[in-house]
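Okay, structure first, notes after.
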């Protein structure tokens, strides 16, 4: 606004001076055509003995882009601020007219030039002033939490096998429920710590990470059956049974490599490596006699069974995820891992067996990491 007012005042005063005819003949000496002014710097115009030319600031470079240097003498870049000649305003040596008018014109000229130079020096930030590109290189550590689900082992139940435990049983006439399988679908939450190191070269990021989690992953399955042993003496009794299989993972961990693509503060990666877990499994069965036609010592307790085992399973993990750095040295990640934890120990009780098979988990995790210097 100040620049517009100053320019308006300059134009009005120049118009007033020309109407009075005080400087009409002299101003023609300073006026130059557009093609002449393109080839001459401001200093040459000032050197004219006939007049001092006034220049005002404009952002329109159509008129040749004259430039005024700051007070330190260094030229301004051509894309910053152009000064285009408008009209000679005052004559410094030979101008005829009022002395006060000349003083005002000089003051206004100085003000316009000062404003132009000040605006020209207020340049935007250069590329060198921008923030550095984020780097993933270095050590990091953090916490994570998630949820896991998958298939555990399956127990095979054959109630008919229990009939052989009865003394004096007639296998031809005794009956039992059909065999069946109890599958364990396990699931649960987990949480723990991770630490690792990344190397970045351009957009490529490679790294290694280790993690350990405490988990509540587990499963339980139960099934019931019926027995009707018929004895050689002609009597029979009715029994019922219940079998339960459980499988739990107390804690687990992985040691994996990571390979990914980074763009600014984002990282997408694939991962794979070793996986381990501490696994517990158990089989339990209980029975009850529904009739008392023939009481046999030790029954039905002789039909009951219990077996358990625990140990470390070793397998592998593969998956992928993404990580986002939301602040200097801090990042959030989301990750999926498929875990194959190998074979569980085989278990068996009367009429039921737990076969060794792979334990598989699908794990989804989120985490918070803190980066450290390389």
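We did not get these values from a lab; they are worked out from the coordinates using the rules stated. Bear in mind that the values here come from a model prediction, so they are computed numbers and not experimental data. With ideal geometry, Cβ positions are generated from the backbone for all residues, glycine too; neighbour counts draw on all protein chains shown.
Label-to-label distance, residue 203 versus residue 151, with points set 7 angstrom from Cα along the beta-carbon direction: 3.9 nm. Please list, by residue number, everything in region 147-173 whose backbone N is under 14 Å from a paramagnetic label point 7 Å out along Cα→Cβ of residue 302. Label zone hits: 162-170. Scattering from region 217-374 was approximated by placing one identical point on each alpha carbon and applying the Debye formula without solvent; log10 I(q)/I(0) at 0.11, 0.14, 0.16, 0.21 1/Å stands at -0.63, -0.81, -0.93, -1.23. Between residue 336 and residue 228, the modelled label-to-label distance comes to 5.1 nm, taking each label 7 Å out from Cα in the direction of the beta carbon. Once the Cβ-Cβ distance of residue 139 and residue 357 is raised to the sixth power relative to R0 = 56 Å, the FRET efficiency obtained is 0.90.
Shape class for region 129-200, computed from the alpha carbon gyration tensor (a ≥ b ≥ c): prolate, with a/c not under 1.5 and a/b above b/c.
At what distance in angstrom do the alpha carbon centres of region 221-274 and region 301-348 lie from each other? If we compute the Cα centre of each part, the gap is 11 Å. On the basis of the beta-carbon distance and an R0 of 22 Å, residue 265 and residue 364 show a calculated FRET efficiency of 0.45. Distance between the 7 Å Cα→Cβ label points at residue 326 and residue 373: 2.7 nm.
For region 294-318, the residues whose amide N sits under 12 Å from a probe point set 7 Å from the Cα of residue 235 along the beta carbon direction are 294-297. Of interest is the spacing of the C-alpha centroids, which for region 169-207 and region 352-370 amounts to 4 Å.
Measuring nothing but how far apart in sequence close Cα pairs (under 8 Å, 6+ apart) lie, relative to its length, region 138-371 scores a relative contact order of 23 percent. With R₀ fixed at 30 Å, the C-beta to C-beta distance from residue 164 to residue 310 puts the FRET efficiency at about 0.50.
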